[in-house]
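Down below is the structure, laid out as structure tokens.
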Amino acid sequence: MSSDIDPYEHLHVALKSDGTLTRFVKLPKANPVASPDYPVVFKDHTLNAEKKTRVRIHMPTIKLPPNDGTRIPIIIYYPRSIWFLSFWDTDNTYILTSKLACQVPAIVVSVEYRLAPENKLPEQYHDAMDAILWVREQALNPNGEHWIKDYGDISRCFLHGCGCGGNIAFFTALEAARMELEPLKIVGNIMNQPMFGGMERTSSELQNCADPVLPLCVQDLVWEFSLPKGENRDHWYCNPIVEGPHTSAINKLCRCLVIGFYGDAMLDRQQDFVTMLMRHEVQVDAMFHDSGFNAMEIVNPECLNYIVEIIRYYIVDKENKP
């Protein structure tokens, strides 16, 4: 049972008296080079020096003459982190972003955002919006990043997030819908296994309470890390089904894609989320695979390829259909 699991031991962290974490896990960093398997190049930029955030741009090495009208979409990607552990520069993130860059094809801007509990929500949403504004600035600035200026189509920007990155993509899209971003346009929001929660347990949570990746007690702890002090899991950052200041903007969202797996403890949350979007008349596609588990694509290459193909279809094929 989930109650038999020590969530701190499961996450390999220790909470210090000042409220910060000691993280004992060191994830393998990406050491990418362009190759036949991953024909992309990348470069890093500082996003906000004060916040110590960065972006990593992935560019496919396909032949694209600059400034000839052949431009490719831009995917602004918010990686997994389980709120407390950065996956931004890891092998797993690089494999996904490289596949997206090559197979869509697209320019993929992977965003490093601040971590909990040192930084509580909504700081991560602010970092995510910083990245959108950074992409816009690069396109408008005569001295901006030339990959974006010469090859990117800022009228075809997609937000994409996995896990808590999917949560970030949702709330960032809501904020973007309230802003004047022209000529940048966000035309799609892709949420892969978005991380949501709530105080009342759902059937899928109870059935998968001892999930090997995110047991229920571990989910509770990372929400405790990330939510504003004094708030519980029915705060709208965790449970967007509840009424909150975000609700009035939901019907302004662009089209959405939600991906999930039936073995994920958050399945019911994700399906209720899709129902909520439909109730607010958001154009939404939902792809729930009848097997799998949370973060399955990290350990299963076939699952990763399945997700990438869904995203490619959503961005390229579905976008081109009347």
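Annotations for the structure displayed:
- Exactly one residue out of D234, D285, D264 is part of a loop (DSSP other than H, G, I, E, B), acidic (D, E), closer than 27 Å to E175 by Cβ and at pLDDT 95 or above: that is D234.
- For the stretch 216-240, residues that are under 18 Å from Q270 (Cα atoms), surrounded by fewer than 19 Cβ atoms within 10 Å (Cβ to Cβ) and touching a Lys or Arg at 6+ places or on another chain (Cβ under 8 Å) total 1.
- Residue in the stretch 260-269 that is of a type in the set (A, V, I, L, M, F, W, C), out of contact with any Leu (no Cβ under 7 Å at 6 or more places or on another chain) and surrounded by fewer than 20 Cβ atoms within 10 Å (Cβ to Cβ) present: no
So that you can scan it fast, the table gives a plain yes or no per residue for (1) within 17 Å of D4 (Cβ to Cβ); (2) modelled with pLDDT of 95 or more:
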residue: M179; (1), (2): no, yes
residue: E182; (1), (2): no, yes
residue: I186; (1), (2): no, yes
residue: M199; (1), (2): no, yes
residue: L214; (1), (2): yes, no
residue: Q219; (1), (2): yes, yes
residue: V222; (1), (2): no, yes
residue: L227; (1), (2): no, yes
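- Pairs linking a residue in the stretch 199-211 that is touching a residue at least 24 places away in the same chain (Cβ under 8 Å) and more than 18 Å from D234 (Cβ to Cβ) to a residue that is part of a loop (DSSP other than H, G, I, E, B) and among the acidic types (D, E), with Cβ atoms under 6 Å and 6 or more positions apart or on different chains, do not occur.
- Unique match (being surrounded by fewer than 16 Cβ atoms within 10 Å (Cβ to Cβ) and either on the phi < 0 side of the Ramachandran plot or assigned to a strand (DSSP E or B) (or both)) among M199, M195, M191: M199
The values are calculated or read from the model by the stated rules, or taken from the named source; none is laboratory data. Computed from a prediction, not measured in an experiment: that's the story for all the values here. Note that each Cβ is placed from the backbone with ideal geometry, even for glycine, and that neighbours are counted across all protein chains shown.
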